[in-house]
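Enquirer: Take this structure, written in structure tokens, and hold onto it; I'll ask about it next.
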Amino acid sequence: MPLTDPKIRNTKPGAKSIRLFDGGGLYLEVAPSGGRWWRLKYRFDGKEKRLSLGVYPDIGLKDARARRDEARKQVANGVDPSLHRKAVKSSKTTAAANTFEVVARQWFLEKSPEWAESNRGRIIRRLERDIFPWIGNKPISSINTPLMLDTLKRISDRGLVETAHKARQSCRQVFVYAIQKGLATDNPVDATEGALPSVKNKNFAAITDPVKVGGFMRAVDAFTGTLTVQCALRLAPLVFVRPGELRQAQWADIDLERGLWAYHVSKTDEA
């Protein structure tokens, strides 16, 4: 006969455990101490097994039956309910351990040695300031495109459009890393393409008036700073390279006999 709530409430603990059967393998075990646990007895691969379905009265009779029915469906579909529960628990534990911030910092530690030293600080500070406060504590596998876009728009809405684009690029690389490590299955950043305002580039003002160019050259000649800076200022108008390229010039790249300076452009900005 199926169980009823009155029968459960009226059953008193005995010297030994008491089992109150409901049907379909479901029963309530009443311990001598008074504790009451729902159990499910089932067979899988020819072996008898038991599965805990919760504690009474936290789990009532109706909920216990629903849990029994779900477990029986799993058995019918060739899934062991006990192993399934362990897999779900393990998955949740793994997800909780692999938050976006944890994975992002692992990515940073592995990849940052390849970047320019000055750039490393900018990238990690940007993540710490603009990304981690909003999604840092979330499992990386749970982050979707709307959440990612909302986080990036928080940056652009402050007028920091270029910063938002750079943060987007870093986040995209974090998800690529997570996918490679088996911690995520897709990259929600990809679908944010075109959703942020475009960056409006500003050109640096250039002197085009010959008279003003002459004044600039006389100012360079009159400069009284260090010899290194004096040389750099006088070389710049002759070679027309970026300041950083001039600053990092190597003697090995310069052929004085041929009057040739040859070098490879290397942009290591991962921002």
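Enquirer: I need the full set of residues from region 67-77 which are surrounded by 13 or more Cβ atoms within 10 Å (Cβ to Cβ) and either among the small types (Gly, Ala, Ser) or in a loop (DSSP other than H, G, I, E, B) (or both), in order please.
Expert: Within region 67-77, Ala71 is the sole residue that qualifies.
Enquirer: From the list Ala31, Ala95, Ala66, Ala71, which residue is at pLDDT below 90 and farther than 24 Å from His165 by Cβ?
Expert: From the options Ala31, Ala95, Ala66, Ala71, the qualifying one is Ala95.
Enquirer: Could you grab me the full set of residues in region 113-122 that are open to solvent by less than 30 Å² (accessible area, probe 1.4 Å) and either of a type in the set (A, V, I, L, M, F, W, C) or without any contact (Cβ under 8 Å) to a residue 12 or more places away in the chain (or both)?
Expert: Listed by number, the residues that qualify are Trp115, Gly121.
Enquirer: Among the residues of region 41-60, which ones are closer than 15 Å to Arg9 by Cβ and not β-branched (Val, Ile, Thr)?
Expert: Tyr56, Pro57, Asp58, Gly60
Enquirer: Here's another thing I want to ask about it. Scan region 87-106 and tell me whether some residue there is surrounded by fewer than 16 Cβ atoms within 10 Å (Cβ to Cβ) and in contact with a Phe, Trp or Tyr (Cβ under 8 Å, 6 or more places away or on another chain).
Expert: no
Enquirer: Scan region 128-152 and report the pairs whose first residue is free of Cβ contacts under 8 Å to residues at least 40 places away in the same chain and assigned to a helix (DSSP H, G or I) and whose second residue is among the hydrophobic types (A, V, I, L, M, F, W, C) and buried (at least 18 other Cβ atoms within 10 Å of the Cβ), with Cβ atoms within less than 7 Å and a gap of 6+ or a chain change.
Expert: Here the result reads Asp130/Ile155; Asp130/Ala167; Ile135/Phe100; Ile135/Ile143; Thr151/Ile131; Thr151/Ile135, each pair linking region 128-152 to a residue that is among the hydrophobic types (A, V, I, L, M, F, W, C) and buried (at least 18 other Cβ atoms within 10 Å of the Cβ).
Residue-wise test of (1) part of a helix (DSSP H, G or I); (2) within 30 Å of Thr11 (Cα to Cα); (3) in contact (Cβ under 8 Å) with a residue 12 or more places away in the chain.
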site: Arg39; (1), (2), (3): no, yes, yes
site: Val79; (1), (2), (3): no, no, no
site: Val103; (1), (2), (3): yes, no, yes
site: Arg126; (1), (2), (3): yes, no, yes
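Enquirer: Out of region 149-193, which residues are among the hydrophobic types (A, V, I, L, M, F, W, C), open to solvent by less than 60 Å² (accessible area, probe 1.4 Å) and over 10 Å from the mean Cα position of the chain (by Cα)?
Expert: Leu149, Leu152, Ile155, Val161, Ala164, Ala167, Val189, listed by residue number.
Enquirer: Against the definition (under 19 Å from Val103 (Cβ atoms), of a type in the set (D, E, K, R) and assigned to a helix (DSSP H, G or I)), how does Arg122 come out, yes or no?
Expert: no
The values are calculated or read from the model by the stated rules, or taken from the named source; none is laboratory data. Values in this document were obtained by computation on a predicted structure and should not be read as measured data. Ideal geometry is used to build each Cβ from the backbone, glycine not excepted, and the neighbour counts take in all protein chains shown. Heavy atoms of the whole protein, side chains included, go into the accessibility calculation; ligands, DNA and RNA do not. Shrake-Rupley method; radii C 1.70, N 1.55, O 1.52, S 1.80 Å.
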